[in-house]
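Report on one structure; see the data block that follows.
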């Protein structure tokens, strides 16, 4: 991407119209720019879901090394990465030509919130404390998380053209890590707590670095927001000693004091991202719980009608 990036710099694009506008899209899209973006996305999406279905129905066993389905997933994702690179250089546009930038960001938020929900039985949600969410809800979230994550990653991957801006390079690297994680399903690495932590905290580095590059001085909101989720939730699933946790909390508080010194009215930035994500966890749990309740009611009515 980086070596070939200059080749794309001469392509005429619309001016930047603000935060709701995605800059990297053609001024005059063509039939082929749309057909290839959407067509390749759909094929990649169906491939990812198909691999997950096969793994859940045929494999269902965790092993130390790679299995055939992992090799298939790795090779398939490598192929689609190369395909997207070629598609960008021939037709440029991603899905961004037809859908809002907020849809791409929402898909990533859903992924992050889904992880928080399905990991609550293992590490709790607030300082290691459990929350009143039923096992049926967290079990559903864990069973079907692969399909949701595959959608979030593949959709975001094809949303953006593979241009070589700093933000895109960081973002695509993060997506490659998430694709790798998905490709390692039913291996020990897939559930290794340190490896999965890398996937979760990757958004801290991506969000912070992109905010720094944009120069709008919002980087502390992303840095302390995602770091706050680590301190409040993620680090409690690592088996750390209590003094280590207190030390991490102390570093977090000290860093916040240094950064926000003289800017105390902005201190509320720290809680914005955690507040959104934690509220979203309960909303998601409610939606899943509601869906499971409806499914049970429908099942009971069908059983009753058959027995009548």
When the chain is treated as a Gaussian network with springs between alpha carbons less than 10 Å apart, the largest mean-square fluctuation among 11, 276, 81 is found at 11
Consider the candidate values [x] 20.2; [y] 15.5; [z] 18.1; state which one is mean projected area of the Cα convex hull in nm² computed from the structure displayed. [x]
What residues of segment 164-189 lie in the reach of a label at residue 71, counting those whose backbone N is under 20 Å from a point 7 Å from the Cα along Cα→Cβ? 180-189
Pairs of alpha-carbon atoms within less than 8 angstrom and 6+ residues apart define the contacts here; what relative contact order does segment 115-174 have, in percent? 22 percent
Expressed in nanometres to one decimal, the distance between label points 7 Å along Cα→Cβ at residue 23 and residue 283 is 2.9 nm
Out of 103, 33, 134, any idea which swings most in a Gaussian network model of the chain, alpha carbons joined below 10 Å? 134
How much FRET efficiency would the formula 1/(1 + (r/R0)^6) give for residue 301 and residue 218, where r is the Cβ-Cβ distance and R0 is 51 Å, rounded to 0.05? 0.50
Largest fluctuation, 194, 158, 264 only, Gaussian network model of the chain with Cα springs under 10 angstrom, belongs to 264
Taking the Cα centroid of segment 68-124 and of segment 243-273, what is the distance between the two, rounded to the nearest whole Å? 31 Å
At residue 205 and residue 4, where each label point lies 7 Å from the Cα along Cα→Cβ, what is the point-to-point distance in nanometres? 2.4 nm
Give, in nm to one decimal, the length gained when the segment between residue 275 and residue 166 is fully stretched (0.36 nm per residue of separation minus the Cα-Cα distance). 36.4 nm
Segment 3-133 - percent relative contact order, Cα under 8 Å, separation 6 or more: 32 percent
Roughly what would the spin-label model give for residue 63 and residue 99, points 7 Å off Cα along C-beta, in nm? 3.4 nm
Using r as the Cβ-Cβ distance of residue 56 and residue 78, and R0 as 30 Å, what FRET efficiency do you calculate, to the nearest 0.05? 0.85
Computed over the chain, the relative contact order (Cα-Cα under 8 Å, seq sep at least six) in percent reads 22 percent
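A short reminder: the numbers here are calculations on the coordinates, not readings from a lab. All of these numbers come straight from a predicted model, not from anything done at the bench. Here the Cβ is made from the backbone with ideal geometry for all residues, glycine too, and neighbour counts use every protein chain on show.
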